[in-house]
Amino acid sequence: MKLTAPLLVLGLLPQVLCGQIPPAVIPAGVGVNIHFVTGHARDLDLITNAGFQFVRMDFSWEATERKTGVYDWTEYDELTAHLDQRGLRGLYILDYVNGLYEPMVDARRAVGEPAPEKHVASPRHPESVAAFARWAAAAAVHFRGRHILWEIYNEPNGGFWRPKPDAAEYTTLALATARAIREAEPSATIIAPAMSGFDWKYMESFLQSGVLEFLDGVSVHPYRDPNRSPETVAPDYKRLRETIDRFAPESKRGKIPILSGEWGYSSNTRGVSLETQAAFAVRQQLGNLLSGVPLSIWYDWKNDGHDPADSEQNFGTVKEDLEPKPAYTALKTMTAELSGYRLERRLDGLAESDFVLLFVNGAGAHKAAAWTLADPHVVHLSGWQPEISLELGPLPRYAVVK
C-alpha cells in the first residue's frame with residue numbers, strides 16, 4: 001500500500017506554547033494524578049521510573065491558610081522538593097474552600113462522597129474571592145522558579161463547586177485569581193478551568209469573560225464511558241479549540257493550548273479490563289498529541305482501594321500495594337520507546353480504524369507507533385526501505401522506520 005498525502009500534525013499545535021507548558025516531545029507532557037503531599041518516596045520513585053514528568057495534586061487552601069492571612073507552605077515545600085529531586089514537575093490545583101471565609105451550606109455530592117450533606121461553600125462572595133486570590137498569588141510568589149503549573153480550581157461545573165455549579169461564580173473567582181497571580185508573579189503559568197467533560201454552555205460562559213487574556217492553557221477532563229475509546233475525543237478537542245480562538249484576544253489566537261488535565265478509565269468489574277486500561281492509557285497520550293494536546297494527566301496513579309466493583313478505587317496504574325498493573329508497564333514502555341521523539345504525522349492511506357503515527361527525534365531518526373480499533377491484523381507500508389509490515393492490535397506497538 002502506497003502512503004501519500006500524510007496528515008500533518010504540526011499545524012494542530014499552538015504556534016507558541018506559553019509559559020511553562022511542556023513541549024510536545026515524549027515524555028515531557030506525560031503526567032499522572034496523585035493523592036498525597038508528604039512522604040510516599042517509593043510512589044515517587046516508581047512514578048519517575050515509569051517516565052512520568054508531571055504529577056497533579058490538590059493544593060489545599062484550607063490546609064495552608066488556617067489563620068486569616070497567614071500561609072503555611074511547609075508540606076508543599078516538601079512535596080516540591082521531592083519532585084525537584086526526581087526531575088518531576090508539579091501541576092498544583094488551587095482548591096477548594098476555607099471555613100474562615102465561607103459558611104457551611106447544603107451541597108450536592110461530589111465524586112466518592114456519600115449522600116448530600118453540609119459542606120463549606122466555594123469562594124463566591126467578594127471577601128472570600130479576594131482572599132482566595134491573595135492566597136493563590138502568595139503561593140505563586142513563594143514557589144517562583146519551580147516550573148509549576150497553577151490550575152484554578154477543579155471541575156467547578158460539577159459537585160466540587162458548592163452549593164451547586166454556577167458558571168458566573170466560578171468565572172468571577174478565576175478572573176480575580178488569574179489577575180492576582182499575573183500581577184504578583186508575571187512569569188507564572190496559569191491554567192483553567194479543569195472542566196469535567198465538555199460542558200459547552202458553561203465553557204463558553206467562562207471563555208467569553210476575558211479570562212483568556214491571563215491564561216496560558218485551557219484544561220479539560222475528557223472522561224467518557226468505558227465503551228468509548230480515547231480516539232473519540234478528537235471532535236471535542238476540535239470544537240473546543242475553535243471556541244477558544246473565538247474568544248481569545250487577537251494576539252493569542254492559535255496560541256493557547258488545550259491540556260488534558262485529568263482523564264482515566266477504571267478497571268473495575270463494570271469498567272474496562274486491565275489489558276484495555278493499559279491500551280487506553282497509551283492511546284490517550286498518543287491520541288492527545290495527534291489532536292495537538294501537549295500535556296496529558298492520567299487519572300489515577302494508584303488504586304484507592306481493593307473493591308473490584310468500585311469504579312473510583314480502580315483507576316490506578318498500580319495497585320494499592322504499588323504492584324504494577326498492565327497500564328503501568330504499557331506507559332513505561334511508551335516513554336522508553338519514544339523518549340525524545342516528537343509526533344510528525346499520522347500516515348494516511350490506511351483504514352480509518354488503523355493508526356500509524358510517525359515520530360521523529362532531534363537526530364532525524366523515525367519511529368512508528370501503531371494500533372487499530374478493529375480486530376488485530378497486519379498492514380504493509382510501502383515507500384520505506386525496506387518495506388515495513390506492522391501487526392496492529394489494541395495496544396500500540398513501536399517500530400523503527402527508515
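Here the Karplus curve 6.51 cos²θ - 1.76 cosθ + 1.60, taken at θ = phi - 60°, turns the phi angles of region 296-310 into couplings of 9, 9, 7, 10, 9, 5, 9, 4, 8, x, 10, 8, x, 8, 8 Hz, with x standing for Gly and Pro. Compared with the dominant Cα axis of the chain, that is its longest principal axis, helix 234-247 is turned about 50°. Its relative contact order, with pairs defined as Cα atoms under 8 Å and 6+ residues apart, puts the chain at 18 percent. Restricting the calculation to Cα atoms, region 24-342 yields a radius of gyration followed by a Dmax of 18.7, 52 Å.
Take peptides 141-149, 186-194 and line them up by average Cβ neighbours within 10 Å, highest first, as a rough protection proxy.
Values: 141-149: 16.3, 186-194: 21.9.
Packing proxy ranking, top to bottom: 186-194, 141-149.
Distance between the pseudo-spin-label points of His306 and Arg253 (7 Å out from Cα toward the beta carbon): 5.7 nm. The string of couplings for region 322-331 from the Karplus curve (6.51, -1.76, 1.60, θ = phi - 60°) is 6, 5, x, 8, x, 4, 4, 4, 5, 5 Hz, one whole number per residue in order, with x for Gly and Pro. With r as the distance between the Cβ atoms of Leu274 and Ala234 and R0 = 41 Å, compute the FRET efficiency 1/(1 + (r/R0)^6) and round to 0.05. After rounding, the FRET efficiency stands at 0.95.
At a Förster radius of 22 Å, what calculated FRET efficiency corresponds to the Cβ-Cβ distance of Arg144 and Thr38, to the nearest 0.05?
With a Förster radius of 22 Å, E is 0.50.
Computed over the chain, the per-residue total of -39500 (n - 2.57) for DSSP H runs of n ≥ 4 gives a 222 nm mean residue ellipticity of -8500 deg cm²/dmol, rounded to 500.
No lab work stands behind these numbers, since they all come straight from the coordinates. On a predicted model such as this, the values are computed, not experimentally measured, just so you know. All Cβ positions, even for glycine, are placed from backbone atoms using ideal geometry, and neighbour counts span all protein chains on display.
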